[in-house]
Amino acid sequence: MQAKPQSGAILGRLGRPLSLAILAPLVAEYLLGDLRIVDLAAFPALAMLYGGGAVLIREVVRRTDGSWRTFVALAVAYAVLEEGILDQTFFNPDFMHQHLLAYGFWPRLGTSPAWVACVTTLHVVWSLAVPIGMAESLFAERANEPWLGRVGIGVYTLLFLFGCIAVGSYSYRTATQHASATQITVCAVIILGLIGVGARSRRPHAVATTAQRSRPVAIGIVSFVAGSLFIELFWLGPSVFHWPGDVTALAELALDGLALFLLLRLGSKPWTNLEVWSATTGGLLVYVWHGYRIYQALHPGEALIGHTVIVLVICAIQAVAWFRVAHSSAAHHANV
């Protein structure tokens, strides 16, 4: 008679991190429009890289103080690892023939600050924060808890390393230009420094929820508007405003700081499950509209039906997450 509860508990422990490992590449690459629904052969490697990174970062945050400082430090470290060492888009001016470094290129650094600020934010927000928020909303009753034991941490660490090797080796084989030893060393030092910042976090402690009224609608609006403005900055800076690349980079960083400030001011301490869902939904909708533009730019002439299927599936998952959050909130109030 006890088999079902035990089986359910095991499936729950496996399903929570696995859902995040699946959602991370779906949002980061497929919803964005970089990859098509027929490009599923790349999914296992991307799930190990994006998913493994997201699971491990979330685990560190939930096992320590749960602060934004910890998350941002580790998320930026992940972005530098992927774009500076694995894909090397920081230093490859001909990556996928997209000329990503043409705008605001610094010859001495061998990169473009505008692109570095742009792609780093994309990873922090949409490769990590949004999928983590989606997964935690799906399992709202366990949102603030660690999801892995020692064995699970070891497994996801190995998967993440395998993902790094798979993506890094593919990028190295297909790239026409590679980062220098100095550039890779600088990236490695930055990564270690950021990990050190994250490692300074203390063990979790009880935090009383503030008396302010929860404002999930405002959080969702700020998330969507700020995300949309950020996406547009990298394109409008050179084409409409005619800003130098450095100015656009500073504007991107300023918008990052302003958005985080507003979200922290609007949210509770700690955030409620509904606030997390609202912020996640706002960010998700940015990639919904932006993904169609990227898809059409990278895959011209192809039908949009496949990409639309991806959009509908991810939106359906977020709708299910809302019901889970609402059920969790109702259960919490019933027990108070």
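The values are calculated or read from the model by the stated rules, or taken from the named source; none is laboratory data. Treat the numbers as computed from the prediction; the structure is a model and nothing was measured. Neighbour counts are summed over all protein chains in view; Cβ atoms, including those assigned to glycine, are modelled from backbone coordinates with ideal geometry.
Pairs please, first residue from region 122-144 and in contact (Cβ under 8 Å) with a residue 12 or more places away in the chain and charged (D, E, K, R), second anywhere and surrounded by fewer than 24 Cβ atoms within 10 Å (Cβ to Cβ) and in a helix (DSSP H, G or I), Cβ atoms under 6 Å, 6+ apart in sequence or on different chains.
Matching pairs, first to second residue: Glu141/Ser328.
Restricting to region 76-112, what's the tally of residues that are within 27 Å of Val240 (Cβ to Cβ) and out of contact with any Gly (no Cβ under 6 Å at 6 or more places or on another chain)?
Kept after step one, since they are within 27 Å of Val240 (Cβ to Cβ), are these residues of region 76-112: 79, 83, 89-90, 92-107, 109, 111-112.
Among the residues that remain, those that are also out of contact with any Gly (no Cβ under 6 Å at 6 or more places or on another chain) are: 79, 83, 89, 92-102, 105-107, 109, 111.
Total satisfying the criteria: 19.
Being closer than 18 Å to Ala79 by Cβ and part of a helix (DSSP H, G or I) narrows it down to one residue among Gly152, Gly198; which is it?
On the way: Gly152 fails: closer than 18 Å to Ala79 by Cβ.
Selected residue: Gly198, the only one of Gly152, Gly198 that is closer than 18 Å to Ala79 by Cβ and part of a helix (DSSP H, G or I).
Quick check on this structure: which one of Ser201, Ser228, Ser278 is at pLDDT below 90, of a type in the set (Gly, Ala, Ser) and either touching a helix residue (DSSP H, G or I) at 6+ places or on another chain (Cβ under 7 Å) or surrounded by 12 or more Cβ atoms within 10 Å (Cβ to Cβ) (or both)?
Ser201
Could you tell me which numbered condition Glu141 fails, if it satisfies all but one of (1) under 21 Å from Thr70 (Cα atoms); (2) in contact with a Ser or Thr (Cβ under 9 Å, 6 or more places away or on another chain); (3) acidic (Asp, Glu)?
Of the numbered conditions (1) under 21 Å from Thr70 (Cα atoms); (2) in contact with a Ser or Thr (Cβ under 9 Å, 6 or more places away or on another chain); (3) acidic (Asp, Glu), the odd one out for Glu141 is (1).
Residue-wise test of (1) in a loop (DSSP other than H, G, I, E, B); (2) surrounded by 14 or more Cβ atoms within 10 Å (Cβ to Cβ).
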{"site": "Lys269", "(1), (2)": "yes, no"}
{"site": "Gly291", "(1), (2)": "no, yes"}
{"site": "Ala303", "(1), (2)": "yes, no"}
{"site": "Phe323", "(1), (2)": "no, no"}
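Kindly indicate the residue of region 118-148 that is assigned to a helix (DSSP H, G or I) and of a type in the set (Gly, Ala, Ser) and also nearest to the chain's Cα centre (by Cα) among those meeting that condition.
Filtering region 118-148 for residues that are assigned to a helix (DSSP H, G or I) and of a type in the set (Gly, Ala, Ser), the one nearest to the chain's Cα centre (by Cα) comes out as Ser127.
Could you tell me whether Ile191 is assigned to a helix (DSSP H, G or I), surrounded by fewer than 17 Cβ atoms within 10 Å (Cβ to Cβ) and modelled with pLDDT of 95 or more?
Details: assigned to a helix (DSSP H, G or I): yes; surrounded by fewer than 17 Cβ atoms within 10 Å (Cβ to Cβ): no; modelled with pLDDT of 95 or more: yes.
Judged against the criteria, Ile191 is not a match.
So which residues in region 91-117 are assigned to a helix (DSSP H, G or I) and not small (Gly, Ala, Ser)?
Phe95, Met96, His97, Pro113, Trp115, Val116, listed by residue number.
Please enumerate the residues belonging to region 158-183 that are in a helix (DSSP H, G or I) and either loosely packed, with under 15 Cβ neighbours inside 10 Å or of a type in the set (Asp, Glu) (or both).
Leu158, Leu161, Ile165, Ser169, Tyr170, Tyr172, Arg173, Thr174, Ala181, Thr182
For region 275-284, does any single residue satisfy the condition of being outside any loop (DSSP other than H, G, I, E, B) and more than 18 Å from Leu128 (Cα to Cα)?
So far as region 275-284 goes, no, none of its residues is outside any loop (DSSP other than H, G, I, E, B) and more than 18 Å from Leu128 (Cα to Cα).
Can you go through Leu298, Leu284, Leu266, Leu274 and tell me which one is in contact with a Cys (Cβ under 9 Å, 6 or more places away or on another chain) and touching a residue at least 40 places away in the same chain (Cβ under 8 Å)?
Being in contact with a Cys (Cβ under 9 Å, 6 or more places away or on another chain) and touching a residue at least 40 places away in the same chain (Cβ under 8 Å) holds for just one of Leu298, Leu284, Leu266, Leu274, which is Leu284.
All but one of (1) basic (Lys, Arg); (2) part of a helix (DSSP H, G or I); (3) in contact with a Gly (Cβ under 8 Å, 6 or more places away or on another chain) hold for Arg36; state the number of the condition that does not hold.
With respect to (1) basic (Lys, Arg); (2) part of a helix (DSSP H, G or I); (3) in contact with a Gly (Cβ under 8 Å, 6 or more places away or on another chain), Arg36 is out only on (2).
Going through region 215-224 one residue at a time, which ones are in a helix (DSSP H, G or I) and either over 9 Å from Val286 (Cβ atoms) or at pLDDT below 95 (or both)?
Those that are in a helix (DSSP H, G or I) and either over 9 Å from Val286 (Cβ atoms) or at pLDDT below 95 (or both): Pro216, Val217, Ala218, Ile219, Gly220, Ile221, Val222.
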